[in-house]
Amino acid sequence: MAIEIDLKGKVSLVTGASQGIGAEIARTLQRAGATVILNHPDLGTTREDAGTLAEEFNHNRPDSAHVLAADVADAESVRAMMGEVKSLCGGLDYLVNNAAILRDRTVAKMSLEEWNSVIGVNLTGVFHCSKFALEIMRDNGSIVSMASIAAILGFYGQANYAAAKSGVEAMMRVISREAARRGIRANCIAPGVIETAMAATIPEGIRAEMLKNVPLGRFGEKSDIANTVLFLCSPLASYITGQTLEVNGGWRG
């Protein structure tokens, strides 16, 4: 008997959904039948990119995608976004905390702005989204937050990023306890190196050295992460909460 994941009638919000992994997560949830809210920070081409993605989704299935701008680091912006989700869709079933930025620098050279901006988006932003999402989330929902292999291995020059992602893991463990009475699950995914536009900028020599650490012999694809999000949102993961699932091809440093 075939096993299918059917999210028809469910509403999902993906932060940082206009590009890269976030866009692939949104596409996967939409294909599974969910209505998808595409969040973007309204910087650069993110508004245009999110709009193009929503057009694709709505062409395939009318009224299956909405676009909402919000800076996750700003509490009032997130509160307003969740109010719009409530008005548009009546509530929320799945929150995917994907929005993140990088400002790599050694601790000695890292500016306070570089520290604060990364913590603001990557950690405080997850708090804002989780806090206000829980106010409109239906029982038996799911929160999936992006952690990182950087929090496990402590990559050079990523004190801000690694600290934020470690904090996200701890936060999800706490939320998994606090929200359990409503059947809401909270988990993390810790990706390894994933083939994105950002990964493509890694010098070839460094990529080769990184790849030596991956037993499966390849870097991850965006679909590897999106499919894991789909699993964690689905009823197939109904007894999984408070966990960090490493999706890194077996990399252990």
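The values are calculated or read from the model by the stated rules, or taken from the named source; none is laboratory data. Note that the structure is predicted; figures quoted are calculated from it, not measured. We place every Cβ from the backbone using ideal geometry, glycine too, and count neighbours over all the protein chains shown. Only protein heavy atoms, including side chains, enter the accessible area calculation; ligands, DNA and RNA are left aside. Shrake-Rupley method; radii C 1.70, N 1.55, O 1.52, S 1.80 Å.
Using a simple spin-label model with pseudo-atoms 7 Å out from Cα toward Cβ, residue 231 and residue 182 lie 2.7 nm apart.
Per-residue extension of 0.36 nm, minus the Cα-Cα distance of residue 211 and residue 52, leaves a gain of 53.9 nm for this segment. Dipole magnitude for the chain: computed about the Cα centre from +1 point charges on Lys and Arg Cβ and -1 point charges on Asp and Glu Cβ, it is near 700 debye. Backbone geometry of segment 126-132 corresponds, through the Karplus equation with coefficients 6.51, -1.76 and 1.60 at θ = phi - 60°, to 3J(HN,Hα) couplings of 5, 4, 4, 5, 5, 4, 7 Hz, x marking Gly and Pro. Working from label points 7 Å from Cα in the Cα-to-Cβ sense, the residue 223 to residue 84 distance is 3.1 nm.
If the segment from residue 200 to residue 75 were pulled out straight at 0.36 nm per residue, it would be longer than the present Cα-Cα gap by 41.7 nm. Report summary: the helix-based calculation at 222 nm, which adds -39500 (n - 2.57) for every DSSP H run with n ≥ 4 and divides by the residues of the chain, gives -13000 deg cm²/dmol.
Of 12, 87, 234, the residue with the greatest mean-square motion in the GNM of the chain, using alpha carbon springs below 10 Å, is 87. By definition, a body whose alpha carbon gyration tensor gives a ≥ b ≥ c is oblate when a/c is 1.5 or more and a/b is not larger than b/c, and segment 117-162 fits this oblate description.
Model label points for residue 239 and residue 135, set 7 angstrom from Cα along the Cα-to-Cβ axis, are 3.6 nm apart. Each peptide among 106-114, 175-183 gets the average number of other Cβ atoms lying within 10 Å of its residues, and from highest to lowest they stand as 175-183, 106-114. The packing ranking of peptides 24-37, 201-214, highest mean first, is 24-37, 201-214, where packing means the average number of other beta carbon atoms within 10 angstrom of each residue. Relative contact order for the chain: 19 percent, from Cα pairs under 8 Å spaced at least 6 residues apart, divided by residue count. The mean sequence distance of close C-alpha pairs (under 8 Å, at least 6 residues apart), as a share of the length of segment 1-120, puts its relative contact order at 27 percent. Expressed as a whole percent, the accessible area of the chain that falls on carbon and sulfur atoms is 54 (1.4 Å probe). Multiplying the residue separation of residue 61 and residue 109 by 0.36 nm and subtracting their alpha-carbon distance yields 12.4 nm.
Taken one residue at a time, the phi angles of segment 40-45 give Karplus couplings (6.51, -1.76, 1.60, θ = phi - 60°) of 9, x, 6, 10, x, 9 Hz. Gly and Pro are set to x.
Of all segments of the chain bounded by chymotrypsin sites (Phe, Trp or Tyr not before Pro) found in a DSSP loop with no more than 11 other C-beta atoms within 10 Å, the longest spans 1-155.
In terms of the Cα gyration tensor, with a ≥ b ≥ c the square roots of its eigenvalues, is segment 36-123 rounded because a/c is under 1.5, prolate because a/b exceeds b/c, or oblate? In terms of gyration-tensor shape, prolate. According to the Cα-based calculation, Rg over Rh for the chain is 0.95, with Rh computed by the Kirkwood formula.
Average accessible surface for the chain: 48 Å² per residue, computed with a 1.4 Å probe over protein heavy atoms with every protein chain in place. Spatially, segment 198-253 and segment 133-163 are offset by 14 Å when compared through their Cα centroids.
Indicate the gyration tensor shape class of segment 103-253 (rounded, prolate or oblate), computed on the Cα atoms with a ≥ b ≥ c the square roots of the eigenvalues: a/c under 1.5 is rounded; otherwise a/b larger than b/c is prolate and the rest oblate. Note, shape of segment 103-253 comes out oblate.
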